[in-house]
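The values are calculated or read from the model by the stated rules, or taken from the named source; none is laboratory data. Note that this is a predicted model, so its numbers are computed, not measured. Note: areas computed on protein heavy atoms with side chains; ligands, DNA, RNA excluded. Shrake-Rupley method; radii C 1.70, N 1.55, O 1.52, S 1.80 Å.
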Amino acid sequence: MKNECNIIRDILPLYAEDMVSADTSAFVEEHLTKCAECRAELENLKSECLLGHISSDKYDTDTLPLKTIKKKWKSKKIALICFTTLITTIMSAVVAYNYRGMLCGIEHGGYSAPASVAFLYAIPFLLVIIVCAILAVTFHFKSK
């Protein structure tokens, strides 16, 4: 228990600022239900933080880089999601437009290619969708 308390006390400043992962937060909360000393340490830390916010800017300048990185990473994730959605939508529209053009050509223009060939138009777009999905999954797991 002593070793676990040392680990928890190292994590408490980040936990107090809600800058830990969900798993770490659950670990800390589980320990705090069992350990009165660590609960007292957390309360002491929270009271020092509140006093520090009122009396000085030292605490804010210490955590500002971490908060900035967290905001930038979140904005990059949102941008990647928007970009992937946009690319997927554009590619789907192009495939649908080409497929419909082929069907109209077969019905009215006398094209000789069967409509089942339309999937060939989708292959490059499908590859780009797969690459975007792989990038999204990679970034998602790197952010954890």
message = With every protein chain left in place and a probe of 1.4 Å, what is the accessible surface of Lys2, to the nearest 10 Å²?
response = 140
Over 23 Å (Cα to Cα) - which of Lys71/Lys142; Lys74/Lys142; Lys46/Lys77; Lys46/Lys70 fall in this group = Lys46/Lys77
query = Can you give the extra length, in nm with one decimal, that the chain gains between Asn44 and Tyr99 once fully stretched, where that is 0.36 nm per residue apart less the Cα-Cα distance?
reply = 13.1 nm
key: Listed residues Phe27, Phe83, Phe141, Phe125 arranged by accessible area, highest first, probe 1.4 Å   = Phe141, Phe83, Phe27, Phe125
